[in-house]
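The values are calculated or read from the model by the stated rules, or taken from the named source; none is laboratory data. As the structure is a computational prediction, the values presented were derived from the model and not from experiment. Note: ideal-geometry Cβ built from the backbone for every residue, glycine included; neighbour counts use all protein chains shown.
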Amino acid sequence: MRISKVIIAPAIVLVAGLAAWFIFASGDPKQAGAKGGPGRPPQPVYVAAAQEEIFGDRLEAIGTLSANESITVTAKAQGIVRNLNFADGQVVTRGAEIVLVDPGEQDAKLSAELANLEEQRKALERTSGLARSNNTSQARLDEQVSAVKKAEANVAGARARVGDYRITAPFAGILGTRRVSPGALVSPGTVITTLDDISVVKLDFSIPENFLAALKPGLDIEAKSAAYPNEVFKGQVVTVDSRVDPVTRSVSIRATLPNEDGLLRPGMLMVVALIKDRRASLMIPEQALLPEGSHQFVYVLGADNTSATKVPIVIGRRRPGFVEVVQGLKGGDRVITEGNTDLKPGAKVEVLTPPPAAGAQAVSAPPQTAAKAE
């Protein structure tokens, strides 16, 4: 009797274990814990909307900025600086007087030439009157006409020499720091200041020659500077050099960037991205991808916001954090970006509200409500 009890007890335990295994393996809806089964709690997930964006191939390089127009303002004649009509960093218009150097005796010479011109014109009037009454020869009249023309040329030369003492802006721009003071003696070539037109800036950079076939004026560029890490400056290629450097095997490119706010200055180092083959593309975050061998899949959130479907897609080009979808999705489809690694097709999900730093692509929706892109 005692022996039979010892045998029956293990048998009962074994039968109970087999029954429990059968219940759990069969997916009894009253039992929880089977992975992916109907009784499993909804999987918390984040989702993002597939959105159409303008996308292009990017080629990065390093470039240097220069002003649209730039000169070093120097003295053209020797003299004493009479007036400095600008402050450091002042914006000036074309033709504005920057510096006035005392012309000294040049003013007196101009006055003398003007007086001589006036005298020669009066003499021409008298000679012309005599010629009309035949009281003088034609040769005398011709001599007086020549004398007037010579006097006019002398006045023009004197005015030009006086003009050398008045320095004006040849174009609108911003002046640099001044290098001289009022009363200083300057000579031809003495640096006074600089003048730069930075309403538009030029960006020069080089591209390897194997990309030459894709280069042409009109290509879009995006440039960034360490001085403004959160700013992206957009411009266009205006010139592709006619020669390839035989040493570096690269071709020089010049682009222009609008600079109405004056943030960019000549000499700045820029990281430039050359963009070609721009087209409208469907983009999703990279973390939504589920690679399986050579194929890519994503989980798409259903219209009920509680189920997810595994969808094969074909991807194209990439950019940091995002990937182009060539086939398999349409604009507005909501893909699961987090919580998708252990999902099963048809599994129940719960869409969570992303934190503020999740980015503009993230979307959220409470159960049974439509999810919208932020």
Test result for Leu59, in contact with a Gly (Cβ under 8 Å, 6 or more places away or on another chain) and either crowded, with 17+ Cβ neighbours inside 10 Å or at pLDDT below 90 (or both)
no
Turns out the strands (runs of 3 or more DSSP E) fully within the range 206-286 with at least 2 residues that are farther than 14 Å from Arg58 by Cβ and small (Gly, Ala, Ser) are 228-244, 250-258
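Could you list, in sequence order, all residues of the range 315-347 that are of a type in the set (D, E, K, R) and under 18 Å from Val45 (Cα atoms)?
Taking the range 315-347 and keeping what is of a type in the set (D, E, K, R), we get 317-319, 324, 330, 333-334, 338, 342, 344.
Hits for the range 315-347 are Asp333, Arg334, Glu338, Asp342, Lys344.
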Considering the range 142-172 alone, what residues qualify as being of a type outside the set (Val, Ile, Thr), surrounded by 13 or more Cβ atoms within 10 Å (Cβ to Cβ) and within 47 Å of the chain's Cα centre (by Cα)?
Arg159, Arg161, Gly163, Asp164, Tyr165, Arg166, Ala169, Pro170, Phe171, Ala172
Among the residues of the range 173-187, are any in contact with a helix residue (DSSP H, G or I) (Cβ under 9 Å, 6 or more places away or on another chain), touching a residue at least 40 places away in the same chain (Cβ under 8 Å) and either in a strand (DSSP E or B) or surrounded by 15 or more Cβ atoms within 10 Å (Cβ to Cβ) (or both)?
no
Going through the range 322-332 one residue at a time, which ones are touching a residue at least 60 places away in the same chain (Cβ under 8 Å) and touching a Leu at 6+ places or on another chain (Cβ under 8 Å)?
Glu324, Val325, Leu329, Lys330, Gly331
Single residue of the range 236-247 satisfying the filter (out of contact with any Gly (no Cβ under 9 Å at 6 or more places or on another chain) and within 11 Å of Pro217 (Cα to Cα)) that is surrounded by the fewest Cβ atoms within 10 Å (Cβ to Cβ):
Thr239
What are the residues in the range 332-354 that are farther than 13 Å from Val300 by Cβ and among the small types (Gly, Ala, Ser), if any?
Gly339
